[in-house]
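Please read the structure below before turning to the comments.
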Amino acid sequence: MAYYVGVDLGATNVRAVLADSSAEILGSARGSTPRGPTGIAVTEAVLTHIREACADAGVDPRSAVACGIGSIGPLDLAAGAVENPANLPDRIDRIPLTGPISKLLATDNVYLHNDTNAGVIGERFHSERNPDDMVYVTISSGVGAGVCVDGNVIAGWDGNAGEVGHMTLDPHGFMTCGCGHEGHWEAYCSGNNIPKYAERLHDEDPIETALSFEDPDFSAVDIFEHAGEDAFADHVIEQVGHWNAMGIANIVHAYAPLVVSVGGAVALNNPERILDPIRNRLDEMVMSNIPELRLTDLGDDVVVKGAVASALTAGTGDRSRL
Ligand SMILES: [Zn+2]
């Protein structure tokens, strides 16, 4: 029996699973991502969770034939490592991954991807049509995409393709992005930035609203909870829909996908309020073929299932390789 390992390395949690050749998960382990002292502690946590997932399934790690990893970035693909991750403390400079995992599993078949690329690999593998052209977009604490064109998952030389959240959508730069630049998609539409955007919109046009910007716990959740009963909350959601539609229209024009699959906490928790405004606008924004726009079926498991799919298909998500 051949076994496959999948790893989801996030800024908050690490997950590892062991699967069989039909991608069925036989064992799993999860825990918090260490905050230091150095990146090696994160490497060790990944190795520990792989060992635990294997133990959970009663399988020797050396019986695994391949491993896929979906990780926070930025990546250094040549080194098989994460380099100065943006969402972990500064003392975590470098997280070696492919080398140590390869040693633990006694296989050279270790595939490292950023998390959205693992997402598109999982979406492709698990979708009915196994399309050669599709995009996975995550709308979560950030915005990003994994892109598959003509059957190739686009990584870029360093593994960091698909940072679409940092595309400039607003030439007036009404909002400043966490990366320091103005007018980026993510500055308007990520879970972290929707409340800041709402507050700025309200500063410009202080109409009456039940939303309380002074509340230290004010978050995107409050805005979506007031939808349908608060005109200002509806206005914010419409504006977020406008920027999301523009971002996705840019992706459609660049890559001509058949399917755009959307995931990430903001979309998963508010599927209609995120997807409907995009659907309503794509017709007028896109001059080429309009792709199918859908919510991911894989939910929170999209990255770890994508990592398993990568291990099974040599980093491609192409089921015909099975
Ligand atoms: Zn940015």
- Any residue at all in the range 197-217 that is surrounded by fewer than 21 Cβ atoms within 10 Å (Cβ to Cβ), β-branched (Val, Ile, Thr) and at pLDDT below 95? yes
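Tell me, please, whether a residue that is β-branched (Val, Ile, Thr), in a loop (DSSP other than H, G, I, E, B) and more than 16 Å from the ligand (Cβ to nearest atom) can be found in the range 113-131.
no
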- Counting only residues that are assigned to a loop (DSSP other than H, G, I, E, B) and crowded, with 22+ Cβ neighbours inside 10 Å, how many does the range 93-112 have? 1
- Every residue from the range 170-195 that is buried (at least 24 other Cβ atoms within 10 Å of the Cβ) and either near the ligand (Cβ under 10 Å from one of its atoms) or assigned to a loop (DSSP other than H, G, I, E, B) (or both): His184, Trp185, Glu186, Ala187, Ser190, Asn193
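Tell me, which helices (runs of 4 or more DSSP H) wholly within the range 241-317 include 3 or more residues that are among the charged types (D, E, K, R) and surrounded by fewer than 22 Cβ atoms within 10 Å (Cβ to Cβ)?
Details: elements: 265-269, 271-285, 302-312.
Helices (runs of 4 or more DSSP H) meeting the threshold: 271-285.
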- Message: Any residue at all in the range 79-89 that's touching a Leu at 6+ places or on another chain (Cβ under 6 Å) and farther than 16 Å from Pro34 by Cβ?
- Response: yes
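Regarding Ala2, is this residue touching a residue at least 60 places away in the same chain (Cβ under 8 Å), crowded, with 17+ Cβ neighbours inside 10 Å and closer than 20 Å to Gly317 by Cβ? Break it down into steps so the answer makes sense when it comes.
Values: touching a residue at least 60 places away in the same chain (Cβ under 8 Å): yes; crowded, with 17+ Cβ neighbours inside 10 Å: no; closer than 20 Å to Gly317 by Cβ: yes.
In short, no.
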- From the list Ala11, Ala19, which one is small (Gly, Ala, Ser) and farther than 12 Å from Val308 by Cα? Ala11
- Considering residues of the range 153-169 that are more than 15 Å from the ligand (Cβ to nearest atom) and modelled with pLDDT under 95 only, the residue nearest to Glu272 (Cα to Cα): Ala161
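The values are calculated or read from the model by the stated rules, or taken from the named source; none is laboratory data. Only a predicted model underlies this, so the values are computations on that prediction, with no experimental measurement involved. Positions of Cβ are backbone-derived with ideal geometry, glycine not excepted, and every protein chain shown enters the neighbour counts.
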